[in-house]
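Presented below is the structure to which this report refers.
The values are calculated or read from the model by the stated rules, or taken from the named source; none is laboratory data. Just so you know, these numbers come straight off a predicted model, no measurement behind them. Heads up, the Cβs are rebuilt from the backbone with ideal geometry, glycines too, and the neighbour counts pull from every protein chain shown. To get the accessible areas, we keep the full protein, side chains included, count just its heavy atoms, and leave off ligands, DNA and RNA. Shrake-Rupley method; radii C 1.70, N 1.55, O 1.52, S 1.80 Å.
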Amino acid sequence: MKKEFNKLVRDKIPELIEENGEYSLTRTLNNKEYEKALYDKLLEEVSEVINTNKKEETEEELADLLEVVRAIADFKNIDVSDVEKLRISKKKKRGGFYKRIYLESTCDQNYIDENKGCLLCVNNSCKVPTSEKMHDEYGKPAGHYCVGFKNCYVKKFSKK
């Protein structure tokens, strides 16, 4: 039986195939082919991480993903320790991804002024109690001291 793979494999795979009593046809990629194959492998490993459910399988796929990332860094003459330092620096400045924050949208002061309130006000999804909201002379919400947007529109109308 013949199986087609046509993909980048780990360095010892041909030896392991032969130890298993099979033969393999391989070739060494040039720089352009290698770079493309690395990116294809990166996508393959990402897909495998996404599609695993068991902890052990996820650990294995994450290990493969890290190996591909290291190979890409090596190919591009990037020191992985420099990447790690940069990762730590970015985490200190911008945080990680552990709080599960999902950014839906942003708005600027012009949007707030034009729409008489922040995105939460305009979309009627504001969680501030009605008694704390600012209203215009017609009783329409006119912004409030919003928790979501620090510069939320506040008209100088009395509260109703």
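Quick notes
- Here is the figure for the range 14-31: residues that are hydrophobic (A, V, I, L, M, F, W, C) and either exposed (fewer than 10 other Cβ atoms within 10 Å of the Cβ) or under 31 Å from the mean Cα position of the chain (by Cα) (or both) total 2.
- Only a single criterion out of (1) among the aliphatic types (A, V, I, L, M); (2) modelled with pLDDT of 70 or more; (3) surrounded by 11 or more Cβ atoms within 10 Å (Cβ to Cβ) is not satisfied by Leu103, namely (3).
- Matching residues, the range 78-98, being open to solvent by 80 Å² or more (accessible area, probe 1.4 Å) and within 13 Å of the chain's Cα centre (by Cα): Phe97, Tyr98
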